[in-house]
1. Apply 1/(1 + (r/R0)^6) to the Cβ-Cβ distance of E190 and D118, taking R0 = 22 Å, and write down the FRET efficiency to the nearest 0.05.
2. For a quick check: with amide H placed at 1.01 Å from N, whose amide H comes under 5 Å from T121's, ignoring anything fewer than 5 positions away on the same chain?
3. For A206 and I169, compute 0.36 nm times the residue count separating them, minus their Cα-Cα distance, and round to one decimal in nm.
4. Of the chymotrypsin sites (Phe, Trp or Tyr not before Pro) in segment 99-206, which ones lie in a loop per DSSP and count no more than 14 other C-beta atoms within 10 Å?
Amino acid sequence: MRRSTTLTAALALALVLGLSACATTVTGSAKPAAGGSSGTKTTSGKPSSTKESTGGKKTAVSTTATKPGSSSGGDVKIGTRKKSEGFDSCELLTPQDVAEAVGAQQPGDPGCVQSTDDPFTLVLFRIGADITDDQQRRAFEIGGNTAYEVPEEGGSCTVVVVLDEPDSIGITPAFSATVTPIDDNGKPCEAALKLATKGFEKIPNA
């Protein structure tokens, strides 16, 4: 009964956060990477695939960190333009994707808000405006695009990856994955990175 009450409250909070956190835009200007969407480079200099197909080939991820807060005024890199509409974003990550990312034995139900058992974890993912104005965010890249890791109070962690250049009113589309461990601390940032990368790979190229 206690777990059921905790899960219900956590799911309600996740839905509120997911619906309300859509108004803040990313700081800095979008800057296409050299070579456009035909290929991206990691910090090692090796090219990585940005094909639209998701036939098992993983997009390279650069995890070189900047100093906390140093990315807030810099340019946003767009190596691969991605769509932000025209598909069901709640179907991007399957229960199996989520279970594998958090190391759960039993997948949950599909949707933008999912939970797992063993470990008991809550996952929220969505496509919306980039909301990472946190000065403690860590900047890196996913698939050649600027991404941010944002540890949050309560043990949660969010990873956001920018999808495309800002629209006509300055809103920068982004995909975010938030992982909240309920049973213990776990490794929420590691799981959020896996989910953000997987989601990014599945989003069609613009």
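Laboratory data are not the source of any read-out in this text; all were calculated from the coordinates shown. Please read all numbers here as calculations on a predicted model, not as lab measurements. Glycine also receives a Cβ, built like all others from the backbone with ideal geometry; neighbour counts cover every protein chain displayed.
1. Working: r = 17 Å, r/R0 = 0.79.
Computed FRET efficiency for E190 and D118 comes out at 0.80.
2. T116, I182
3. 11.4 nm
4. Here no chymotrypsin sites (Phe, Trp or Tyr not before Pro) fit, given the DSSP loop and packing criteria.
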